[in-house]
């Protein structure tokens, strides 16, 4: 297979190159290729993670013990003698270099230097401490992706409080499903934001949340102007201005809770996933510095809301000393050129987005290499769903030829990645470049045997630092165990249907979809992404969703498509779809039924919900519609005549 991209001279001076050379010298092993480096990192976790701590510049008392193994995977304790503070680490740079650049959809732009960010976060810390907030207390943010959100999160971490955020596109019940479980003592909220060219007023929603949650302290960040109609709330800037001197950073144990994130909640109440300060910092800075090659002179941007784990990943970019760009608004307004406009305007070196957005850009007809200079752009991250083979072609042919395309995969569960990019490895069409260092990634069959070059369950065989500390309100750990360890005892099963692709000096990965959405016609397992890759390259199809329907003692494949404007699902188009799937995948992938829908249901973070659609077509109720951005879309899948014959 011919690579789409190869590392050049510049990549030989990467942070990973330095790390690799030091590992070779200290270990006494040859480590001649990435496969050997990765194997060393999982065979010698204490040496590896100690070197990550030192080389990536973690501030704090490390202690002598790196790893204390427990009886079970989840009982492993990393750096049990350590004391650190997440905010202290992200705010170690104290000069006038831009830390944050915030761009809002309506054109507002704000720049905050590292010195200014440290002052502002210190003011939040001082005010929280003055209000009696203690380490472990929850501070919740119902906020857009803007500077104040980052400042609030760092101020909470400064004193050891636990930060948890939801994006403002959640409805009140969706927010209550999350914040109601963790009972925050402080709620910080915005009263409105711009999206898709419109002002979205949140004052009534915020008032409902205030009444339901009854936080001791309520802070409002005005979306427009300097005041708000929300009653019994303090105004952000006035609250900061009244702060006393910043307290000392509170250094706490490695596993002290830092963030609470949430599962999608489409199959029940969202799981509240607690992540520790040390594991989050150590894992994410490894990914950013070593795999992402991000340094102090770079500018990092990821399109995300603060309700997605990529927001937490993005702000950890501050630990590298880079400038972090925040954007709040629609990536497609006023056109799909919006994010590329940002790249040129802000000199972005590392751009992150979703695979679905890249598809949308391609289908819009935009050719960024002709409309933008993109001279600073070196790396493009993609996640959220598998990046189509054809999207790789589009990126290299129509965006930029000299571009490291890093398709990455992990999740909220680990607040990081199992599969990552790599500045020292080639990029192959359709593949994630490599397993992350220190992550003992494997693919297993149903009997627990390792696979290479075949599809199976993506697992991690050994503990890693960013394993969740716990689930909230799970005192005996039973829900935690069921979520990750019920499939293979003592092994983390991530829920992805994947394939390791052996190359001469490293292993790539392909993600074929979620395991629980795998189709099983005639007993043959098929990943949904394998079908999407064929269907969504057709100009007549805007997007699609595929599920398995129980039928006459077997499972048949049902494909729902959203058609492009002006298209109809004729017999000819159905034949075209089936032909594309048969030739691009296999005859087993060809759907038995193809039907149209006007829209596809999604989570608030933009992911399609195959399981919810599967429930609906079988006449079963979806238990938590509040987790969906457009729950009304489910009605389009109910009682379909096409599924009765």
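Just so you know, all these numbers are worked out from the coordinates, no wet-lab data involved. It should be emphasised that the depicted structure is a prediction, and the values quoted were computed from it without experimental measurement. Positions of Cβ are backbone-derived with ideal geometry, glycine not excepted, and every protein chain shown enters the neighbour counts.
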I want to check the label-to-label distance for residue 83 and residue 43. Put each point 7 Å from Cα in the C-beta direction and report it in nm to one decimal. 3.7
Could you put 176, 112 in order, starting from the residue whose Cβ has the fewest other Cβ atoms within 10 Å? 176, 112
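When DSSP beta bridges are limited to those with both residues in the chain, what percentage is antiparallel, rounded to the nearest 5? Before the final figure, lay out the partial values.
Working: 59 of 100 bridges.
Once the DSSP bridges in the chain are tallied, antiparallel ones form about 60 percent.
Please give the peptides 165-174, 443-452 ranked by average Cβ packing (other Cβ atoms within 10 Å per residue), highest first, as a rough proxy for protection.
On the way: 165-174: 21.2, 443-452: 13.5.
Ranking the peptides 165-174, 443-452 by packing returns 165-174, 443-452.
Could you rank the peptides 508-518, 586-596 by their average count of other C-beta atoms within 10 Å per residue, with the highest value first?
Values: 508-518: 20.5, 586-596: 17.5.
Descending mean neighbour count gives 508-518, 586-596.
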Förster-model FRET efficiency, 35 Å R0, residue 109 and residue 398, C-beta, rounded to 0.05: 0.80
Evaluate the relative contact order of the range 518-644 (contact order divided by residue number), counting alpha-carbon pairs under 8 angstrom at least 6 apart; express in whole percent. 22
Name all residues of the range 514-534 having a backbone nitrogen under 13 Å from the label point set 7 Å from the Cα of residue 554 along its Cα→Cβ direction, giving them as ranges. 520-525
Residues in the range 143-173 reached by a label modelled at residue 333 [backbone nitrogen below 16 Å; 7 Å Cα→Cβ]: 144-146, 168-170
What FRET efficiency do you get for residue 516 and residue 94 if R0 is 45 Å and r is their Cβ-Cβ distance, rounded to the nearest 0.05? 0.45
Once you put a point 7 Å from the Cα of residue 364 and another 7 Å from the Cα of residue 583, both along the Cβ direction, what distance in nm separates them? 3.0
Using alpha-carbon positions, what is the distance between the centroids of the range 208-233 and the range 524-560, in Å? 45
Say each of residue 524 and residue 476 gets a label point 7 Å from the Cα, pointing the same way as Cα to Cβ; how far apart are those two points in nm? 4.4
Run the paramagnetic zone check for residue 201: 7 angstrom along Cα to Cβ, then residues of the range 219-234 with backbone nitrogen under 12 Å. 229-230
If each residue's Cβ is checked for other Cβ atoms within 10 Å, how do 507, 328 rank with the fewest at the top? 507, 328
Subtracting the Cα-Cα distance of residue 131 and residue 564 from 0.36 nm times their residue separation yields 150.4 nm
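Can you give me the orientation-averaged projected area of the convex hull built on the Cα atoms of the range 518-644, in nm²? It would help to have the intermediate numbers written out before the result.
On the way: hull surface 30.9 nm².
Averaged projected area of the range 518-644's Cα convex hull equals 7.7 nm².
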Full-stretch length increase - residue 505, residue 32 - with 0.36 nm per residue and alpha-carbon distance subtracted: 169.4 nm
Given an 8 Å cut-off on Cα distances and at least 6 residues of separation, report the relative contact order of the chain as a percent. 13
Give me the distance between the Cα centres of the range 453-500 and the range 369-420, rounded to whole Å. 26
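Can you tell me the FRET efficiency between residue 489 and residue 572 if r is taken as the Cβ-Cβ distance and R0 is 45 Å, rounded to the nearest 0.05?
On the way: r = 52 Å, r/R0 = 1.15.
My answer for the efficiency is 0.30.
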